[in-house]
Amino acid sequence: MKDEGFAVVAVDVRDDRAGTDAFYKEYGFEIPNVFDTQDVAVARYGVTATPTTYLVDEEGRIVWRHYGFLPGEEIRLREQVGVLLAR
């Protein structure tokens with residue numbers, strides 16, 4: 001959905017770059033990934049579980065949040081991205 005103005009950034013709260021790099025390679029992820037080893041994002045966004053997914057509008061406001069992940073939840077996420085892009 002990047003052609004529609006949507007961007008994804010992963011924030012990793014662990015300090016295991018090798019493990020993360022291996023995971024990305026295994027599953028073919030090609031999104032930017034930053035490491036938050038000082039828990040800055042954890043504190044700012046109130047992360048209490050991993051994974052936590054946030055949709056943030058162009059003003060930096062959280063417009064949707066979801067804790068955890070189960071197969072099939074990507075459908076709801078895609079719907080919420082559509083809602084965000086339609087604003």
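What follows is calculated from the coordinates using simple rules that are stated; it is not laboratory data. Source: prediction; values computed, not measured. Ideal geometry is used to build each Cβ from the backbone, glycine not excepted, and the neighbour counts take in all protein chains shown.
Each residue of the range 30-43 is assigned a 3J(HN,Hα), and the resulting list reads 10, 9, x, 9, 10, 9, 10, 6, 9, 6, 5, 5, 4, 5 Hz, derived from the Karplus form 6.51 cos²θ - 1.76 cosθ + 1.60 (θ = phi - 60°), x at Gly and Pro.
Counting only alpha carbon atoms, the long axis of helix 17-27 and the longest principal axis of the chain meet at about 50°. Sparsely packed loop sites in the range 28-79 (the GluC sites (Glu not before Pro) outside DSSP H, G, I, E and B with at most 13 other Cβ atoms within 10 Å) comprise GLU30, GLU58, GLU59.
Dipole magnitude for the range 2-86: about 180 debye, using +1 per Lys or Arg Cβ and -1 per Asp or Glu Cβ, origin at the Cα centre.
How much length is gained if the chain between PHE35 and VAL8 is pulled fully straight, taking 0.36 nm per residue apart and subtracting their Cα-Cα distance, in nm to one decimal?
Details: separation 27, 0.36 × 27 = 9.72 nm, distance 1.44 nm.
Value of the extension gain: 8.3 nm.
Centroid-to-centroid, using Cα positions, the range 6-30 and the range 62-87 are 19 Å apart. Considering the values (i) 0.95; (ii) 1.23; (iii) 1.12, which represents Rg/Rh (Cα atoms, Kirkwood Rh) as calculated for the structure under consideration? Derived directly from the coordinates: (i).
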